Amino acid sequence: MYIDAESRYGLIKMSKRMIAKIAAFAAMDSYGLVGLAKKHCGLVELLKREQGSKGVRITQDGDGIIIDLFVIFEFGVKLQTVAENVVEKVRYNVELATDIKVKKINIYVESVRV
């Protein structure tokens, strides 16, 4: 459950949950995004801000990470534009905080809120 990162001082182990929280907070500050989602028994649950990391999956890929975001968008927004903004915001915040390269961010739209 840890991501390994090399620094000039040695090996740093960062928990996937911590990285997921950084990604969740960055995503939830984006315009057009209602929040992050979790599927449970086929139903989509809107997660509260404190639980946002449950709507994020982090996978290590060589020297970087892949982030999967499960989101709920606001009705009436241009999904592609909002998704691009979320990707850029999450990438910037995660790389700034952890110094780990984000190779890819996948966005899964679970629902649209009216």
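Every number in this text was worked out from the coordinates using simple rules, so none of it is lab data. As the structure is a computational prediction, the values presented were derived from the model and not from experiment. Cβ placement follows ideal geometry from the backbone for every residue including glycine, while neighbour counts extend to all protein chains displayed.
Measure nothing fancy, just the Cα-based angle from helix 79-98's long axis to the longest principal axis of the chain, in degrees from 0 to 90, nearest 10.
Roughly 30 degrees between the two axes.
Kindly write out, for the range 5-12 in residue order, the coupling ³J(HN,Hα) from the Karplus curve 6.51 cos²θ - 1.76 cosθ + 1.60 (θ = phi - 60°), rounded to whole Hz, with x marking Gly and Pro.
In residue order, the calculated couplings are 9, 8, 10, 5, 9, x, 8, 10 Hz.
Quick one: of the DSSP bridges fully inside the chain, what percent are antiparallel, nearest 5?
Values: 19 of 30 bridges.
Close to 65 percent.
Could you run the Debye sum over the Cα atoms of the chain, one equal point scatterer each and no solvent, and tell me log10 of I(q)/I(0) at q = 0.19 Å⁻¹, two decimals?
So the normalised log intensities are -0.92.
Relative contact order, percent, of the chain when contacts are C-alpha pairs under 8 Å separated by at least 6 residues?
Details: 207 pairs, mean separation 31.3, N = 114.
Dividing the mean separation by the residue count of the chain yields 27 percent.
Given a Förster distance of 41 Å, report the FRET efficiency between Thr81 and Tyr9 from their Cβ-Cβ distance, rounded to the nearest 0.05.
Working: r = 40 Å, r/R0 = 0.99.
Result of the calculation: an efficiency of 0.50.
For a paramagnetic label modelled at 7 Å from the Cα of Ala97 toward its Cβ, which residues of the range 1-29 fall within the zone defined by backbone nitrogen distances under 18 Å?
Answer for the range 1-29: 1-5, 12-29.
How far is helix 16-28 tilted, in degrees, relative to the longest principal axis of the Cα atoms in the chain, given as a value from 0 to 90 rounded to the nearest 10?
40 degrees
Once every DSSP H run of n ≥ 4 in the chain is given -39500 (n - 2.57) and the sum is divided by its residues, what mean residue ellipticity at 222 nm do you get, rounded to the nearest 500 deg cm²/dmol? Could you put the intermediate results ahead of the total?
Values: 2 runs with 33 residues, N = 114.
Roughly -9500 deg cm²/dmol at 222 nm, from the helical runs in the chain.
With the cut-off at 22 Å, tell me which of the pairs Lys16/Lys38; Lys21/Lys89; Lys13/Lys104; Lys48/Lys104; Lys39/Lys101; Lys13/Lys103 have Cα atoms farther apart than that.
Numbers: Lys16/Lys38 17 Å; Lys21/Lys89 14 Å; Lys13/Lys104 20 Å; Lys48/Lys104 25 Å; Lys39/Lys101 28 Å; Lys13/Lys103 18 Å.
The answer is Lys48/Lys104; Lys39/Lys101.
Based on other C-beta atoms within 10 Å, arrange Leu11, Leu33, Leu79 from fewest to most. Could you put the intermediate results ahead of the total?
Working: Leu11 8, Leu33 22, Leu79 14.
Arranged by neighbour count, lowest to highest, Leu11, Leu33, Leu79 become Leu11, Leu79, Leu33.
Please arrange Tyr2, Tyr9 by how many other C-beta atoms lie within 10 Å of their C-beta, fewest to most.
Details: Tyr2 13, Tyr9 6.
In increasing order of surrounding Cβ atoms, one gets Tyr9, Tyr2.
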